[in-house]
Every structure is written in structure tokens, then in C-alpha cells.
Amino acid sequence: MKYIIKIFGIIFLTGIMLASCKKDFPNINAPSDDQIFKDKDGLMAASIGLIQHFSTSTLAPIVEIPGITTREFGVSSTYVTPMELTYGGTALSGENAGVIRLWSRLLRDKGMAENIIANADKVDMPAGTKSGILALAKFMKAMTLGYLVMDYQEAPINNGVDAKFSNRTDVLNAAVTLLKSALGDIAANPISNDFKKKVIPTIDLKNSIQAFLARYYLYLGDYQNAIATADKVDLTSKSEWWYDGSENKNPVYTFAVDGQPDTKPRWNFGIMVNPGTGYVEYQPEAGDGRLTFYMDTTVHEHALPEFGGYEVHNLKGFFDNGNSKIPVYLPGEMILIKAEAYARQGKLAEAVTQINLIREKTNDVFGVNAGLGAWTGDATSKSAILDQIYIQRSIELFLTGQRFEDSRRIHSSFVPSPNQDIVSERNRNFYPYSYVERNNNPNCPADPKI
Amino acid sequence: MKKFFTRILFVVLMAGLFFGSYKANAQTGGAVTYHFRGTVTDAKNQEPIPGATIIIVNQNLGSATNRDGVFDFTAKLKPGNYQIAFSTVGYKTVVKKLVLGNNTNITLNELISPDITRLNEVVVTGVSGFTKKSHLGNSISTVSSKDIEATTPLSIDAALQGNVAGALVMRNSGNPAGGISVRLRGASTVVGSSDPLYIIDGVIVNNNSSQLINLGGYTQNRLVDIDPNEIDHIEVLKGAAAAAIYGSRASNGVVQIFTKRGKTGKPKITFSSSVNMNQIRKYLPWNDAQLKWDPNDPTKAIPATRYNYQDYIFNKAYGNENYISVSGGKGNTKYIFSASQLSNGGIVRNTDFKRYNFRVRIDQIISRWMSISVGTTVSSNSSNEMPNGKNYGPITSLLFADNLKNPSPVNGVYPNIGWMANPYEAVDRIEAPQKNSRTLSDIQMKFTPLKGLNITYIFGYDHAFNDARLFIPVGFNTKPYGVSEKATMATTMINSDLNAAYSFHLSPSINSITGVGYTYQYNESQYFAIRTNHLAPVAKVTDAGTLTGRSDYRTQRSIWGGYLQQTFGFKEKVFVTLAGRWDGASTFGENERNQFYPKASASYLISKENFFKNSIGKVVNLFKLRASYGQAGNLSALAPYSIYTSYSLAPINGQTGLVAPVRSGNPDLRPERQTEFEAGFDMGLLQDRLGIEFTWYKQDIKDLLLLRSLAPSTGYGSRYENVGTMTNKGWELAIRATVIQKKNFSWTVTGTFSQNHNKVTHVVGGKIDLGMWGTSIAQSGQPLGVFYGYFFATKPDGSLLLNSKGFVQRAKGHYENKTLPDGEVIPVAVQDYDPTTGQPVGTNLKKIIGDPNPKWIGSVSNTFNYKNFTLFVKVDMVQGFNVMSWDKRMFDLFPGGEATAKELRGEIPKGSSFPNFFIYQSFIENGSFVKLRDVALSYDLKLKSSWIHNLKFTMSGSNLVSFDHYWGFDPEVNTEAQSNGVRGQDMANVPIPRVYRFGIVATFN
């Protein structure tokens, strides 16, 4: 009898123990992909996340990596990443952390934008919110496509397993198509106030789309459309990436200003001019307001001697604080797009007019004012005009990640050396592809020769 | 969680009431009071043995000897046949038949002999109930408190060092609370930890190495919370063959720790105290040239003052340790209370570690068939750490700085020495304290409702709360606005295990033991962190600054499983065991959740056969052959929620966005599975004067989890997949010998040797990066964590190809695809040469340049006893492995290193060491070392006083000498702390100090 009681007791114990086992625990820390794209709130949050990631994270290599290659920055440490970029040549490989970072962050943002585009149509929501979500995602995707081919020879238009690469013309055309489609979305259903207020309070989306459209038309050589689209951009409108200085810091401030940065802007915007006997440092024109706008000219430090020992200044401009806002595009770019498009079309006088608009500008909404006199160069020489445009772009659009593309486009005949080069205006034409892409995607094309 | 806890308490309470009420009933029926007395004496030197245990088997009755080796107790028993066992740590257990009849006064005098060979020990880990080691089909290593008495290890894992064959124990940092890695038979996972499962008194304990605050890779591991003074003995199962019944937590092996328990008798008080001094053993070869390059003529050296920053960064540090325990027992109750305090300084200025431990354990016999044991350990400890890394690590700064500058403060202001931190300022002004509190509790109930049936229930509770801070004051040169960060981690682990074993004789010659068990385990952790900068002056809390980051992350996990194990023994000679375990865990995919792990083992005690006894039995008194097969999993390799693609939260501009993660989820993940086969023999020679244990093993790990890189064009960076296989093959040997055994002098030697060949047999893509900028990799056909990087350019004949200046240079050329044995294709470097100059051309090439896995490890301990003196000498050997010395790399380039000194002095051409910076092969060092790990001389004042029983003095030294050819501080380090794949990387690490200690132990009763 007592054994039966004992055994019964033990079975009872076991029973209670087994009953208390819990076997499923949801992740309360973060939603998963299958939970996000099902409703308006999820899509809006993904849109905000896309802007947050692009502006605080992806923008850093967009500015930094080609910034070193095209001498906007001087480097004062021997960390491998900036050192390899400073030296350039064929030794710069797809294993360079900067090259990897730039590639993978752009593609990550592109993937997020593609997820939003693929899912937004399936969800019921107010038309103005849907058009906002779609237009923003298309704009962001077009932007990532643009930045990709500004730095790499080819890029995949659509993310995916074993993604196929397309040449830069196709990629830029795809970006143009996306931007036009975004404009169409907004035209059909104006963006709702709900979306504007919550997702893009600091961005004038329509103007930004037009601005990037103008940029890509120029890159594509479609000068008429470039001029026409640039004209549609309201130069008094501001679109900015927004930072709070704490959890969301200005990414350029983080690597180039905060603490003891090893990457600082070159005192003359890092512009190298070639009077025929080898590169010399460009001397900024006296009184160019953009010099003191972008830099604290009272501090004189030097990059490492092995990197040329060039003088560097402390960075100001849109980057002097953790919460400084960075423009999505600069209105001055529209003027410079027109200048170049006219010049390329042989309309040299119109081009000089636009150059002088930039040089004499004192009313820029962001305060990027050269405040110089009219250009005194040879107004009959197309190449002199293009050189002036290159210099004005280099200064006006300092640290916008465009100089690599500009140098390649305007000084296309220059062939970078395969060897170490710390002098010429660029030491590569395109970056090699990230080795992570190469190792995991059989469709990854061969690296560019230089 | 709380509900679960209250439910368990309720169950325990119910069980107590329920069974307790039948106590009177159970004890009725003609019991007679018997009076047992006698002595237990050492068979070798005829000295009485205090504290030996006398137990009437299966009756919950027994006692212990007093200081004179005498026992005396009474027990109520029914007349009949019983067994009585005499045992104590380090001696062979003797079991005698006991016939109780009319004579109620029983006198028993027993001689027991030391168990030098350890082949007769009784173990419980991995088996159903108490089992003699000589019956097992698998090897099991044991460490007793005596083994570590002389060396006073800092933590439980350190106690395994050199004491367990096949265990590679590495201290990853010389900080006083620095982490330790234990590898039993090599690594068994890539992404997870290869550290074994630790169980203390039945409680599965947390041994996390969480980096709460970024200290540049440095972490503690949580075993440091527990005072190793509490160890009674340790049992170690090294692989799946032995540990299969621990299921999906066992593929790294199982280390079960048993703490000291009270014994029946008068209260015994043990007190020990020690003081110690730590110092750095060796400096990095710094630039002591007292010269610099002339700025006007960079080829000429001119006099200059150079400073040895290491003189200030490192200092002599002192520590002390005190321990007191009170133990005893009366009637059915036994108890032990203990308290300890440890305070130790670190050799890096302003680092230290303080630990307080309190422990209590009560064993209560409730009735003849039921007993309960309750124990709690409370630990509170704190440390002051020093970070590693670019912006504020003092040793990192040392590597980069030009030591021409005097970093000493001028009028209280530390000079700026460049983009790296001023190392003096770092050690003086950075605060990185950690505080940890820990509670380990267990309730264990034992039932013997039927003869031969043992049921145990264990409820274990482990709670750890860790708090880490980082404070860098305003005005710090490289962080001018200051930094204040705080992170906490609360971890709770609960295990609830019910096990039963039933043993009976099928026939007079066949014995059967059946074990069944069920376990439910629940873990949760809560991480919380706040990071700020731009601090207000004076205030140190995070409220004083602006927010730069925060984190609130919670995880929950449960594991459940059951096992069935059946053993048959034939005539105490042949033992066969079969077992199976079913396991599940919440962390894995729904379809892959439930796993089955089988086990089989057999052993044959040939020495019990008559033919053996009659032939070589006079020399070989024990010989056992054993073989074992088993499978086990690695569940903890993967953090919870890895099956989901979880978007990150991104608050901005008053809204919270969702950002796609770098790592994509994988719903089909399953635990890695290790299949192990081991075979070996145990041999006792010359009446156990010499014991040999030898084991050969082979482990195959499949479904190896790897963080597979994804092409960025997928939108993601990586994903966990079960896409690898790995093997470990090796052998291990333990030898224990009494070389000399005289009345006044004895010499015993213990040696452990082992060899392990680890090979990653398959990784998807042929090669994956493990860390340290891709220098530690896993490649198909190579050992885990081999070093990969740029190498020296060589001529086709293999000799160095120098450049036009006569300096070494990087190899250049192209890559060619090569198919590896597993079918994966990887690019392999092929050097190319310029046809005219013969110099390297092409891209810079990388290849495998080193291996951090030792070829073999060994340890030899000698104990010499002369009268009251004992001398203990232990030598550890780790041979045939490489260390990647980033310290050397930096010192080849930056002017604070010896390379610049040589160039300045003209011993080598200027610029000749610079190329080494780019040639990773140049800083691959031979790490092989032989260390004089411990030397301890103790004097035991065997007092005959009435109150003080024992007084012992010990003088010892640790890490006194290292015989190695290593360039840096010490090859026994690892920058990535307890990381599994990244091993043998040395960058700005704190070396292991040399320690001198003086201690005293007193026992009163």
C-alpha cells in the first residue's frame, strides 16, 4: 500500500513538472520581415527605417570612400582602409573595408526599398500615403543605383540571389525610369500630410526627385532633359537629412570631426590642377566664401608625410556638429548641371552665364555662397569652361560623393596609374567589387583594370 | 517565469508533506538500534584518516571519522544483510558485507589505501546513479580538491588546467578577472562557444562571456563568480560518447562540479589566508635607442630621450585571499557554511578584482527512503578593467605611439600625443568597472521507495546580474567630450530534472541498471545599455551626457528532453550500456526541433578473468578495455531568434523606423550534431603504484552552423546555415605513478598528454572568415581558425625574394581556382614575376600562413613529500602552434618598437622593418611554450594541540618561467577573448602575470 502511495506521489510530481514547460517564445525585441509588410504602419516604419539607415549609415562611405580617392580628404593614420584608398592603383582590392562597406550598405538600402515597392501595392491604405510610400522607395532605390554606378563600373538593378549586373547606362536608365514613375505616383495622388509629417518632414520629395533626375540625365549625356529638369527644381526649397546628434549622428561628423579624426578635408578642397608639368595644388581664389563655409581655415595640420603631407583643416559646413543636417542635394548643383549641359552642347555663352551664377551667388538657401566675381577665363574654350565647371563642382559640391564621377566624366582622358599614387586627382577609375560579392555571386563581373 | 518558480516550490513543499507524513509508517517493523564504532586507517603509512565517510549502502545512514580517524554512531536497522562503505577523497572506496544479528555493538577497523591511479573512483556524471569508474565504457576524468590545493586557481575552469588529459585550458587575458577558454578534445563548433557545459551541484550554470561594454574584445566568463575553494571534486566528460544523455547541450563535453559537504561529527573549522604579488613577466621589446632621426637629414640619427611607457602602464600588484568554512553534522543533519574574500590587483595600473562568496549547504535525511539537500551560493564581485582599442586602450596606444613624447601630466594636464590615447592618461583616468552578483541555489531530493530504485529530483536556479560601466572624463585627449556608458545583463537559468535509476539482478551473474530522466530548462536574459557623451563635469552617471545609443534586448529559451539508459553487467567483468535521449529547444526551427541522440558503450575488465590473474596479473593488477559511441548536440551555439529575419529598430525624428538586418533569418536551423567514437584502456600496475589511462577518439561534427556570407546584392550580409562538417581526432593519456613510497619520503608524478587534430572537412564556399579582419578563417580541409594573410614573396626555389633595396616584400601574382577535397572551389595564390626584373607583379596575394591549434599539449605534476614538507612542481606544455602577433606588426612600423631602435642604431638598414607591416606572415610567431606553471612548497605543522588540528604554510609561485621563442609578452593569450574561431591572436593583450604567494591553512575542531 505504502509503495503505491509513493509511486503515485512521484507520478504526480512528474505530471506537474511536465505541465509547466513552455516551448514557444516570440521575439519581443523586433518584428520579423513577415510581420512588417502587411499593413500601412509596417510600411511607414520601413520607410522611416530606410531613411534612417541611408542618412546615418550609408551616407558615410558615399562621402568618405571616393572622398579619399579624389583627394577631398587627407589621411593622418596608417589604418589600412584609408591608406589603401590614398595609394589607390591596382593594389586596392575588393578586400578593402571601405570598398566593401560602400557596396554592401548601398545594396542593403536598395533591398529595403525593393521590399517596400514590392509590397506597398498589396496593402490597403489612403491613396496619398501609398503614393508617398511608393515615391519615396522609388526615389531611394534610384539614389542607391546612382551612387552604385558613380563608384562601381556595373551594378545589379534588382537585388536577389545571384543577382545579374547591368552596365552603368542601363542602371542609370533604370534610375531615371524609377524617378519618373515616382513623379507619376505623386502626380496621380498627392502625398498625404500623414506621410509627410511622419516620414519626410525635412524632405521636399518632389523637388528631390527632380534634382536627382537632372543629375542622372547629365550623367547619361541627355543634356536637353538635364537642363529642362534642372529648371523644374525650386532652388529655394530645402531637403535635408535630419540628425539628432545623439542616436542619429551626422555620419560625416562622426568620421571626420568627432574626437581625433584621422580623415580631415584638404585645405584647398583637395583640388589638383595640371598645368602640364605635373600636378600642383589648386590655390583657392581669394574671398571664396565656400572656403570658410566648409572649413575652419585657422587650423593647420598635415596629413602623414607618406600620404603627401598635405595641409588639412577642420571640417565645418554641413558637418560641424553631430546634429548638423546634410542637404539631400544642393541647389547649386542644378546651376552647374545646366552649365555643363550647355557647354557640352556647345552653347558656351550660356554655360559661362551659369558658371557666373555659381561664382557670384550670395543667396544660397544653405549658405553655400562663393561671392566671387565673374569668371575671367577663356570663354571661347570648351575645355577651359569644363575645367572651370570641374573646379566649381569640386568646391560647390564638396563632400557630396560626386567628385569621382565628375573627374571621370570631365577629365575622361586621364588614365590613373596602376601604381601607388598620392598626387593625381584620382587614383582609380572605378572600385573593384567587394570580395564578398565576388565569392558569393557567380554573376559578379571582372574587376575594372583600374 | 515567476509562475514556474512558484509551482516548483509548491511541488517541493507538497512532496515534503506528502512523503514526510509517511515517515513513521516507513520506519516501523522490528528495527533494532545498532552501535557502530571503529577506526579508518591509511593502509600505506598506518596513519588515521580524519573525515572519512562510513555509509550503510542504500540506507541513508552513516557517519564520518573524527580527527583521530575514529567513528562512532548508532542506527536503527532491521536485522539482515547489508553493505557498508568506507570512502574519502583520494582513497579507494572499500565496500564490505555487513551482517546484522543479535550483537548490537559492531566494531569495524578498516584500512583503506590511496587511489593514486583513480581507476576505482565512483562517479555520477553521465550515468544513472553512482557508478564505479572501472565499470564505465567511456573515459571520465576527475579532479579532486587535493589536485588544486597547492596551486589555488582563480576560478573553476582554471582548476582544470593540466589536470585533465585532453583539456586545453587557456587564460585569454592576464587581467585579474580575465576570461578562460576550455576546449575538451578540440573545438566542436564554429559560431558558438566550444566551452563545456558546467554543472555545479546539479545546477546548470551560466558561463556567458558577454561583452556588456565595448572593451575591445576583452570579456570575463561567468565562472569567475564562483570561488574554487568550494570544490570538492570535478568530473569531466569530454565528448558525445560519454555525454550523450546530456543531449543537445553536451557536444562540448560536460564538467560537473561537486562542492564540499558537511560530514557527521563535531564542527570543523577551516581557515585559510594568503597574500600574493603579481608582476609582469616580460616587456614588449620597445625602442630604447635614445635616438631619433634628424629632421634635417632623415638618414642620420641624433640623440633623443625615449620613454618606456610600459614602466608606467604596468605595475606590481598585490592581493590577498581569505576563506573560512564551518562544517559538521549530527544525527540526520549535515551542514557546511563558508565565506571567502579575494582581492587581487592587476598588473595594468588601476585594474583589480574583488570577490566575496558565501555558501551554505544542508543535507537532511527525512526518512530511510528520503533525503533532501539544499544549497545556496551567493557571490558578489567587482573589477576594474582597462579597455583595449584605438581611442582609449593604453596598450593599444603603446603600440602606435612614438615614445619620444613624455606622456606624464604637466600641471595636471596630460599632453596630447596624437590620434591615439595618451596611455598614462588612459590608465589614470578611464574607469571601466564591472560589478557582478550571482546566486546559485539548488534543491535536491532523493527517494528510495523500493530496494534498488533511486529517484532524484533537482531544481536548480542560477541568477546573475552583471553591471558594466565605462567612464571617460571630459577633457580626455581622444574623447574630449567624455563618455559615460552603462550596461546591465540579468540572466536567469532554471533547470528541473527528474531522474530515476533502478538496479536489480536479472540472474546471480547479470546485473541490470535502468535509468530514466526528464529535464526542463528555461533561460532568460535581459540586456540593457545606455551610452552617452558630451558629459557635464564631475557627474559620472549616464544622465550627465547626451544619448548616443541604447539597447534593451530580452531573450527567452527553453529546452526539454528525456532519456532512457540501460546497463547490463555480467559478473562484474563486462558492462554494456545503451541509451537514447530525445531533446527539443525553442531556438530552432519548428520542424527541426526534436532531436534524438543515441549512445552505446561497453567495457571489459579483463583483469578479473582467471587466465589474466594467473598470468600477468601479478604485474598488471587492473586492466580494462572500453569503447563507447554516442551523439550529442550543440544547442547553445545559436542565440535565440536566429530563425527570424528581425528588423532593427531605428528611432529618428520622433518616429521609429524599421531597418532590414544584415543577417537574414533561417527557419530551418537545427542543432549541430557530434558523433563520437572512443576506445581505450585503463591499466593499474604494481598494485596500483602506476596507473595508465589511454583513450583514442574520433569526433565527426555535422550540420555545423556557419554564418554564411551572402552576396550583398541579396540585400543581406549573412545567414546562419547548417552547412559544414568538422572532425576531431586524437588521443589522450593520463599517467599517475608513485615513484617512491617510503615512510618519510614519497614522490608521485601525474602526467597528462594529449593530441588533437582538428579539421574543418567542409564549409560552404570552401572558406569563411571568422574575424580579426579575415585573418582567422575556416577552410575546408584545414584546422579551424587557421591564419590567412599576405605572405613573403619567394623565388620559385622557395627562398626569399628581396626587392631592389634588399628588403623583404609581399608576394604578388594571381589566383587560380583549386578544387578542395569536399568539392568546393577556392582561389589559391600563384606568385608571378616580372620577366625582366624578376620582381613580383600582380595583385597582393594571401594564403594560409599559420595554425593556432596546438600539435600536442601536456602537463607534468610532481609531488614530493618529506616528513612535513611537500613540494609541488607543475610544468605545462603547449607545443606546435602559431600566434599572430599584431603587437609585433605595430612595433615593426611604429617608432615605439624595437625595430625602429635597431634602425636608429644602424643594426639594420633604415626602412627594412617597414615592409613587415604589410606581410602578415612576418608576424606569425611560434607560440610553443613550456611553462613552469606552479611551484609550491608547504610545511604541515601536524599539531597535537587539543583545539588546532592542522596548520600548514605554503609558499608558491605561478607562471615563473616560460620557455618559448615568442616575440611578444606571452603566447598564452587571445585578443578575441573566449571567441571560438578566433584563437591565437595577440593584439594589445594583457599578459599573464607572474605570481608569488604565501598562504596559511588552519583546521580547528
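The values are calculated or read from the model by the stated rules, or taken from the named source; none is laboratory data. All values reported here derive from a predicted model rather than from experimental measurement. Here the Cβ positions follow ideal geometry from the backbone for every residue, glycine too, while neighbour counts run over all protein chains shown. Areas reflect the complete protein model, heavy atoms only, side chains present, ligands, DNA and RNA absent. Shrake-Rupley method; radii C 1.70, N 1.55, O 1.52, S 1.80 Å.
I want to confirm something. Restricting to the range B:449-465 and keeping residues that are away from chain A (no Cβ under 13 Å) and among the aromatic types (Phe, Trp, Tyr), which single residue is least open to solvent (accessible area, probe 1.4 Å)?
Taking the candidates together, the pick is B:Tyr461.
Failed condition for A:Ala446, given (1) open to solvent by 60 Å² or more (accessible area, probe 1.4 Å); (2) away from chain B (no Cβ under 14 Å); (3) assigned to a loop (DSSP other than H, G, I, E, B); (4) of a type in the set (A, V, I, L, M, F, W, C), with all others met?
Of the numbered conditions (1) open to solvent by 60 Å² or more (accessible area, probe 1.4 Å); (2) away from chain B (no Cβ under 14 Å); (3) assigned to a loop (DSSP other than H, G, I, E, B); (4) of a type in the set (A, V, I, L, M, F, W, C), the odd one out for A:Ala446 is (2).
Any idea how many residues of the range B:467-502 are part of a strand (DSSP E or B) and either among the hydroxyl-bearing types (Ser, Thr, Tyr) or outside the structural domain of B:Ser210 (by TED's automatic domain parsing) (or both)? First the steps, then the outcome.
We begin by selecting, within the range B:467-502, every residue part of a strand (DSSP E or B); these are B:467-472, B:476, B:479, B:483-502.
Next, only the ones that are either among the hydroxyl-bearing types (Ser, Thr, Tyr) or outside the structural domain of B:Ser210 (by TED's automatic domain parsing) (or both) stay: B:484, B:488, B:491-492, B:496, B:502.
Of the residues in the range B:467-502, 6 are part of a strand (DSSP E or B) and either among the hydroxyl-bearing types (Ser, Thr, Tyr) or outside the structural domain of B:Ser210 (by TED's automatic domain parsing) (or both).
Cβ-Cβ below 7 Å, separation at least six or inter-chain, first residue in the range A:118-140 and open to solvent by less than 10 Å² (accessible area, probe 1.4 Å), second of a type in the set (Gly, Ala, Ser) and outside any helix (DSSP H, G or I): which pairs?
A:Thr129/A:Ser192; A:Gly132/A:Ser192
Looking at the range A:328-349, I want the residues that are touching a residue at least 12 places away in the same chain (Cβ under 8 Å) and have a partner that is open to solvent by 10 Å² or more (accessible area, probe 1.4 Å) and among the acidic types (Asp, Glu) with Cβ atoms under 6 Å, at least 6 apart or on another chain. Which pairs are those?
Here the result reads A:Tyr342/A:Glu350, each pair linking the range A:328-349 to a residue that is open to solvent by 10 Å² or more (accessible area, probe 1.4 Å) and among the acidic types (Asp, Glu).
Going residue by residue through the range B:185-203, is there one that turns out to be assigned by TED's automatic domain parsing to the domain that holds B:Val749, among the basic types (Lys, Arg) and open to solvent by less than 10 Å² (accessible area, probe 1.4 Å)? I'd like the intermediate steps shown before the answer.
From the range B:185-203, those assigned by TED's automatic domain parsing to the domain that holds B:Val749 are B:185-203; that's our starting set.
Those left that are additionally among the basic types (Lys, Arg): B:185.
Now narrow it down to the ones that are open to solvent by less than 10 Å² (accessible area, probe 1.4 Å): B:185.
Scanning the range B:185-203, I find at least one residue that is assigned by TED's automatic domain parsing to the domain that holds B:Val749, among the basic types (Lys, Arg) and open to solvent by less than 10 Å² (accessible area, probe 1.4 Å), so the answer is yes.
If you go through the range B:405-448 one residue at a time, how many are in a loop (DSSP other than H, G, I, E, B), within 14 Å of another protein chain (Cβ to nearest Cβ) and buried (at least 20 other Cβ atoms within 10 Å of the Cβ)? Break it down into steps so the answer makes sense when it comes.
Initially, the range B:405-448 is screened for residues in a loop (DSSP other than H, G, I, E, B), giving B:405-409, B:411-412, B:414-422, B:430, B:448.
When the remaining residues are screened for being within 14 Å of another protein chain (Cβ to nearest Cβ), the result is B:414-422, B:448.
From what's left, buried (at least 20 other Cβ atoms within 10 Å of the Cβ): B:414, B:417, B:420-422.
Of the residues in the range B:405-448, 5 are in a loop (DSSP other than H, G, I, E, B), within 14 Å of another protein chain (Cβ to nearest Cβ) and buried (at least 20 other Cβ atoms within 10 Å of the Cβ).
Identify the single condition in (1) within 11 Å of chain B (Cβ to nearest Cβ); (2) open to solvent by 50 Å² or more (accessible area, probe 1.4 Å); (3) in contact (Cβ under 8 Å) with a residue 60 or more places away in the chain that A:Ala113 does not satisfy, given that it satisfies every other one.
(2)
How about the range A:254-295: which of its residues are among the aliphatic types (A, V, I, L, M) and either part of a helix (DSSP H, G or I) or touching an Asp or Glu at 6+ places or on another chain (Cβ under 6 Å) (or both)? Talk me through it step by step, then tell me what you get.
Looking only at the range A:254-295, we keep the residues that are among the aliphatic types (A, V, I, L, M), and these are A:256-257, A:271-273, A:280, A:286, A:291, A:295.
Result: A:Ala256, A:Met272, A:Leu291.
Counting only residues that are modelled with pLDDT of 95 or more and open to solvent by 30 Å² or more (accessible area, probe 1.4 Å), which one in the range A:409-442 is nearest to the other protein chains (Cβ to nearest Cβ)?
Checked the range A:409-442; the qualifying residue nearest to the other protein chains (Cβ to nearest Cβ) is A:Asn429.
If A:Glu247 meets every condition in (1) at pLDDT below 95; (2) in contact with a Gly (Cβ under 8 Å, 6 or more places away or on another chain); (3) open to solvent by less than 50 Å² (accessible area, probe 1.4 Å); (4) within 24 Å of A:Ala46 (Cα to Cα) apart from one, which number is that one?
For A:Glu247, the exception is condition (3).
Could you tell me which residue of the range B:354-395 is nearest to B:Val483 (Cα to Cα), considering only residues that are open to solvent by less than 50 Å² (accessible area, probe 1.4 Å), small (Gly, Ala, Ser) and modelled with pLDDT of 90 or more?
In this case the residue turns out to be B:Ser383.
Where in the range B:700-747 are there strands (runs of 3 or more DSSP E), lying fully within it, with 3 or more residues that are within 14 Å of another protein chain (Cβ to nearest Cβ) and not acidic (Asp, Glu)?
Values: elements: B:705-709, B:718-722, B:724-741.
Output list reads B:705-709.
Could you tell me whether the range B:60-71 includes any residue that is loosely packed, with under 14 Cβ neighbours inside 10 Å and over 30 Å from B:Ile455 (Cβ atoms)?
Narrowing the range B:60-71 to residues loosely packed, with under 14 Cβ neighbours inside 10 Å: B:68.
Restricting the remaining residues to those that are over 30 Å from B:Ile455 (Cβ atoms) gives B:68.
Yes, the range B:60-71 contains a residue that is loosely packed, with under 14 Cβ neighbours inside 10 Å and over 30 Å from B:Ile455 (Cβ atoms).
Criterion first (in a loop (DSSP other than H, G, I, E, B) and either on the phi < 0 side of the Ramachandran plot or more than 25 Å from the chain's Cα centre (by Cα) (or both)) does A:Gly346 satisfy it?
yes
Okay, residues lined up against (1) part of a strand (DSSP E or B); (2) closer than 28 Å to B:Lys855 by Cα; (3) assigned by TED's automatic domain parsing to the domain that holds B:Ile417; (4) in contact (Cβ under 8 Å) with a residue 60 or more places away in the chain:
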position	(1), (2), (3), (4)
B:Lys910	no, no, yes, yes
B:Pro915	no, no, yes, yes
B:Leu932	yes, yes, yes, no
B:Glu972	no, yes, yes, yes
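Considering only the range B:50-72, how many residues are in a loop (DSSP other than H, G, I, E, B) and either out of contact with any strand residue (DSSP E or B) (no Cβ under 9 Å at 6 or more places or on another chain) or of a type in the set (S, T, N, Q) (or both)?
Pass one, the range B:50-72, residues in a loop (DSSP other than H, G, I, E, B): B:50-52, B:57-60, B:65-69.
Now narrow it down to the ones that are either out of contact with any strand residue (DSSP E or B) (no Cβ under 9 Å at 6 or more places or on another chain) or of a type in the set (S, T, N, Q) (or both): B:58-60, B:65-66.
Total satisfying the criteria: 5.
Condition first: open to solvent by less than 10 Å² (accessible area, probe 1.4 Å), facing chain A (nearest Cβ under 8 Å) and out of contact with any His (no Cβ under 6 Å at 6 or more places or on another chain). Now tell me which residues in the range B:650-669 satisfy that.
Listed by number, the residues that qualify are B:Ala650, B:Gly657, B:Ala660, B:Gly665.
Would the range B:481-490 turn up any residue that is under 25 Å from B:Val413 (Cβ atoms), surrounded by fewer than 21 Cβ atoms within 10 Å (Cβ to Cβ) and either within 14 Å of chain A (Cβ to nearest Cβ) or free of Cβ contacts under 8 Å to residues at least 60 places away in the same chain (or both)?
The initial filter retains those residues of the range B:481-490 that are under 25 Å from B:Val413 (Cβ atoms), namely B:481-485.
If we keep only those that are surrounded by fewer than 21 Cβ atoms within 10 Å (Cβ to Cβ) too, we end up with B:481.
Remaining after also requiring either within 14 Å of chain A (Cβ to nearest Cβ) or free of Cβ contacts under 8 Å to residues at least 60 places away in the same chain (or both): B:481.
Checked the range B:481-490: at least one residue is under 25 Å from B:Val413 (Cβ atoms), surrounded by fewer than 21 Cβ atoms within 10 Å (Cβ to Cβ) and either within 14 Å of chain A (Cβ to nearest Cβ) or free of Cβ contacts under 8 Å to residues at least 60 places away in the same chain (or both).
Having 2 or more residues that are in contact with a Pro (Cβ under 8 Å, 6 or more places away or on another chain) and in contact (Cβ under 8 Å) with a residue 24 or more places away in the chain is the bar; report the strands (runs of 3 or more DSSP E) wholly within the range B:528-636 that clear it.
Numbers: elements: B:546-570, B:574-585, B:595-605, B:620-634.
Hits in the range B:528-636: B:546-570, B:574-585, B:620-634.
Any chance the range B:787-795 includes a residue that's touching a residue at least 12 places away in the same chain (Cβ under 8 Å) and within 26 Å of the chain's Cα centre (by Cα)?
Yes, the conditions are met somewhere in the range B:787-795.
Mind checking which residues of the range B:796-817 are loosely packed, with under 15 Cβ neighbours inside 10 Å, over 28 Å from A:Asp447 (Cβ atoms) and without any contact (Cβ under 8 Å) to a residue 12 or more places away in the chain?
Selection gives B:Asp797, B:Gly798, B:Ser799, B:Leu800.
Considering only the range A:250-287, state which residues are over 24 Å from A:Asp421 (Cβ atoms), open to solvent by 10 Å² or more (accessible area, probe 1.4 Å) and more than 14 Å from chain B (Cβ to nearest Cβ).
A:Glu285, A:Ala286, A:Gly287
Of the numbered conditions (1) more than 10 Å from chain A (Cβ to nearest Cβ); (2) closer than 19 Å to A:Gly322 by Cβ, B:Thr548 fails exactly one; give the number of that condition.
Condition not satisfied by B:Thr548: (1).
Count, please, the residues in the range B:556-594 that happen to be under 30 Å from B:Thr645 (Cβ atoms) and either within 10 Å of chain A (Cβ to nearest Cβ) or open to solvent by less than 20 Å² (accessible area, probe 1.4 Å) (or both).
Step one: filter the range B:556-594 for residues under 30 Å from B:Thr645 (Cβ atoms), giving B:556-561, B:582-594.
Imposing the further condition that a residue be either within 10 Å of chain A (Cβ to nearest Cβ) or open to solvent by less than 20 Å² (accessible area, probe 1.4 Å) (or both) reduces the set to B:556-561, B:583-590, B:593.
Adding up the residues that qualify gives 15.
Take the residues in the range B:365-404 that are within 12 Å of chain A (Cβ to nearest Cβ) and in a strand (DSSP E or B), then tell me which one is nearest to B:Leu215 (Cα to Cα).
Step by step, filter the range B:365-404, then rank; the result is B:Met370.
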